[in-house]
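All of the numbers you see were taken from the coordinates with simple rules; none came from a lab. In this text the structure is predicted, and so the values were computed from the model without any measurement. Cβ sites come from the backbone with ideal geometry, for glycine too, and all protein chains shown count toward neighbours.
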Amino acid sequence: MPDANVFMLHTNVDETDGQGHASNVAFVQWMQDAAIAHSSSVGLTPEAYRAMGTAFVVRRHEIEYLRPSPLGTRVAIHTWVVDFRGASSRRCYTIVNADTDEELARAATDWAYIDVARGRPTRIPADVQARFGPLGGPFDAI
């Protein structure tokens, strides 16, 4: 796996389904939270995007669930940017049990970079791309 940004959390009661495991909605929320944390860690906070008049918006999520995440599980979400293409970007994730290193899920999100005022895609600036340093990875073709 590439050197990735890591976001830590615990599966909490509000995120569990009828079986006492993290729901699919929780996994998607974790992915979004990890992406925002990674972006913020390189200086591109939600406020910075607002100041630039731009935003990344989700075009597509793909998730392969491998194991459940029961209540109280300590979870590590590894995330990295695979590539940039014009106004698009792909981010990958591996979601693991932080205590056992068992992979719980792997996922990818396709993002579109938009000019908020126009509501239209716009090319991702080189300085934004440089902050993430696309790493490539095992989920390029997920």
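General observations
- Rounded tilt (10° steps) of 24-41 against the dominant C-alpha axis of the chain: 50 degrees
- Virtual spin-label span in nm between Ala126 and Met52, 7 Å along Cα→Cβ: 1.5 nm
- With Cα atoms as the point set, the range 5-132 shows a radius of gyration and Dmax of 15.5, 47 Å.
- Dividing the summed helix terms, -39500 (n - 2.57) for each DSSP H run of n ≥ 4, by the number of residues in the chain produces a 222 nm estimate of -7000 deg cm²/dmol to the nearest 500.
- When the Cα positions of Val42, Ala105, Pro121 are compared along the charge dipole of the range 5-132, Pro121 comes out farthest toward the positive end, with charges on each C-beta of Lys, Arg, Asp and Glu.
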